[in-house]
Amino acid sequence: MLSVCTAGGAVAAIVLGAAAGPQAHASGDDREKRSAEVLRELVPSRDGPGCAAAVGTRGSVVWEAGRGKADLSTGRAITSKTVFDMASNSKQFTADALLLLAGRHQLALDDPLSDFLDDPPAWTRDVTLGDLMRHTSGIPDYQDLLEAKGVELTDPAGQKEAIEAILASRPEGPPGKRFSYSNSNYVLLAQVVEKVTGKPFPAFLQQEFFTPLRLRMTLSPAVDVPGKAKSYEEKDGAFTLDSSPWKQYGDGSVQTTPGELVRWADNYRTGRIGGTALLTAVTRGAVDVGDVLRQRGVEKGRYGAGILLLPDKGLVHRGDWEGFHSTFKVSPDRNTAVTVACNADSPDNFRAAGQLMDIWSR
């Protein structure tokens, strides 16, 4: 579901993965061997939670594997078929749904949010759909808003509660002026898509993206998805289940495997869904994310349609929810994609994604 990072933390996490130092790369027959070694270094033990990783080239999965346990209670192993919650890596689908509707002239990015609400607060007249998509609305994160009302991550809360909390707040600064990562933006965008299409947002994604591309994906905030890993938190050397009954979507909740996510990435090359108009719209109007990147050695980074664009690094995003952590990367030429997903905290998955990209994209 949502990323539990702060605005700066979310972007910083993305960049740590993207800006990892140069890695030795392989070619020819030893690419699979080198990739397996990357995964072994990332998950030294098979006995605890672990990770799965996949590499795609022009829409075909060329390598995928898993290591560690998907379920500690049963001993079920993580394999290439294990499903993970991709958390904020889901935002790209929400943004592309918006762009798809814009391409059909059913909405425009400069439309005010108020046009899509039944009883809009006055401030929503000044926030555009483009502001939401690019995180320049200034709206606070709904996780913070709910927790300020006493709703903890262990308490039930769904889309309705999140939207009510958002609309009862107001932007913390003038909309359209500054990048500030907030999951509230994408929860609202899912609501906009539902208002325009008259369809539940998960059904719209299934109809327009997952089914046409034959992707084994689902948008579901439910805990029990077939083949899904359990998520864990480590404390004092022991692992405990890390699960929340919160059920928001738009900002997260796509459930799939790393292999399916790298297959999806080829749409950034082909434009099979949305055509060249969508490919252009993904980057048009992307906004500078500010000094967070420069502090980590990256001179310039821009946030576009649910994805971060880095010079000479291509597309990259990070997802975090419960114990799930994922890194998604697409090479600058759009030919190669990498996804690494884990079911417990694994900061090195950013570095591992960079290593795999280096092995397969050169």
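Within region 94-144, being part of a helix (DSSP H, G or I), closer than 30 Å to T211 by Cβ, charged (D, E, K, R) and touching a residue at least 40 places away in the same chain (Cβ under 8 Å) holds for one residue alone: D96.
Selection of region 237-285 for residues being assigned to a strand (DSSP E or B), open to solvent by 10 Å² or more (accessible area, probe 1.4 Å) and of a type in the set (V, I, T) yields only T240. Only residues that are at pLDDT 90 or above and in a strand (DSSP E or B) were counted across region 296-329, and they come to 18.
Can you tell me which of A229, A203 is within 23 Å of T94 (Cα to Cα), of a type in the set (G, A, S) and modelled with pLDDT of 95 or more? The unique qualifying residue is A203.
For residues in region 190-235 being acidic (D, E) and free of Cβ contacts under 8 Å to residues at least 40 places away in the same chain, which is farthest from P258 (Cα to Cα)?
E194
State all residues of region 161-185 that are out of contact with any Pro (no Cβ under 6 Å at 6 or more places or on another chain) and of a type in the set (A, V, I, L, M, F, W, C); if no residue qualifies, say none. Of everything in region 161-185, those that are out of contact with any Pro (no Cβ under 6 Å at 6 or more places or on another chain) and of a type in the set (A, V, I, L, M, F, W, C) turn out to be A162, I163, A165, I166, A168, F179.
Kindly indicate whether any position in region 204-214 is in a loop (DSSP other than H, G, I, E, B), open to solvent by less than 40 Å² (accessible area, probe 1.4 Å) and out of contact with any Asp or Glu (no Cβ under 6 Å at 6 or more places or on another chain). Among the residues of region 204-214, at least one is in a loop (DSSP other than H, G, I, E, B), open to solvent by less than 40 Å² (accessible area, probe 1.4 Å) and out of contact with any Asp or Glu (no Cβ under 6 Å at 6 or more places or on another chain), which makes the answer yes.
Scanning region 174-203 for residues that are part of a loop (DSSP other than H, G, I, E, B) and farther than 30 Å from T82 by Cα turns up P174, P175, G176, K177, R178, F179, S180, G198. Do we have D333 as at pLDDT below 90, open to solvent by 20 Å² or more (accessible area, probe 1.4 Å) and not in a helix (DSSP H, G or I) here? No.
The values are calculated or read from the model by the stated rules, or taken from the named source; none is laboratory data. Since the model is a prediction, treat every value here as computed from it, not as a measurement. Don't worry about glycine lacking a Cβ; one is built from the backbone with ideal geometry, like all the others, and counts go over all protein chains shown. Remember, those area values only see protein heavy atoms, side chains included, never the ligands or the DNA or RNA. Shrake-Rupley method; radii C 1.70, N 1.55, O 1.52, S 1.80 Å.
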